[in-house]
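The values are calculated or read from the model by the stated rules, or taken from the named source; none is laboratory data. Small disclaimer: the values here were computed from a predicted structure and weren't measured. Virtual Cβ from ideal backbone geometry, glycine too; neighbours counted across all protein chains shown. For accessibility, only protein heavy atoms count, side chains too; no ligands or nucleic acids. Shrake-Rupley method; radii C 1.70, N 1.55, O 1.52, S 1.80 Å.
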Amino acid sequence: MEDKRYIPELLCPAGDKEALYAAIAGGADAVYFGTDMFNARIRAGNFTLDEAREAIKLCHAHGVKAYITLNIAIHERELDTVLQYVSSLYESGADALIVSDLGVMSLIAQHFPDFEIHASTQCTVHNLDGVGFLFLKGCKRVVVARELDRENLNY
């Protein structure tokens, strides 16, 4: 009989180069970080787009996945820029995007159907119906709302 237990992924934040190096050295399976564009982690050191490309290469050289945050509200006038940004991250080999804007999720799924999308905690999902909705929209992972306690996660 096949063992179907879920093996957790050690996912670490990497708000700057120092944190990225520490996460890799510490055995992270994956890291998440943002750039100076479309990122809610403005207090983190963040990366430029060129630095993010290098960080992705470094992660992959160590067998670590790189998830990029794209987790702020995106306005209509920004959509072309977002698609160019996503294209650059896609070409750079980012493993997934952590997205909060439903419209942007739809655009990514339409233009980059094999680019993995993770729903950000900013989507404020509090129940299984919300998770199911986001899976139907193409998300492969949903980060539920921070307010949920352990009891409400055991479904």
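Observations on the structure shown:
- For the stretch 9-42, a residue qualifies if it is surrounded by fewer than 19 Cβ atoms within 10 Å (Cβ to Cβ), of a type outside the set (D, E) and more than 16 Å from the chain's Cα centre (by Cα), and the qualifying residues are K17, A19, Y21, A22, A25, G26, G27.
- Among the residues of the stretch 48-75, those identified as buried (at least 17 other Cβ atoms within 10 Å of the Cβ) and touching a helix residue (DSSP H, G or I) at 6+ places or on another chain (Cβ under 6 Å) are A55, V64, A66, I68, N71, I74.
- Sub-8 Å Cβ pairs linking a first residue in the stretch 84-110 that is closer than 12 Å to I72 by Cα to a second residue that is among the basic types (K, R) and open to solvent by less than 10 Å² (accessible area, probe 1.4 Å), at least 6 apart or interchain, number zero.
- Flag if G27 is touching a Lys or Arg at 6+ places or on another chain (Cβ under 6 Å) and free of Cβ contacts under 8 Å to residues at least 60 places away in the same chain: no
- Test: residue in the stretch 128-143 that is surrounded by 12 or more Cβ atoms within 10 Å (Cβ to Cβ), under 19 Å from D36 (Cα atoms) and touching a residue at least 24 places away in the same chain (Cβ under 8 Å): no
- For the stretch 104-114, taking the residues that are open to solvent by 10 Å² or more (accessible area, probe 1.4 Å) and not acidic (D, E), the one that is farthest from Y90 (Cα to Cα) is identified as S106.
- Any chance G45 is surrounded by fewer than 18 Cβ atoms within 10 Å (Cβ to Cβ), on the phi > 0 side of the Ramachandran plot and not in a helix (DSSP H, G or I): no
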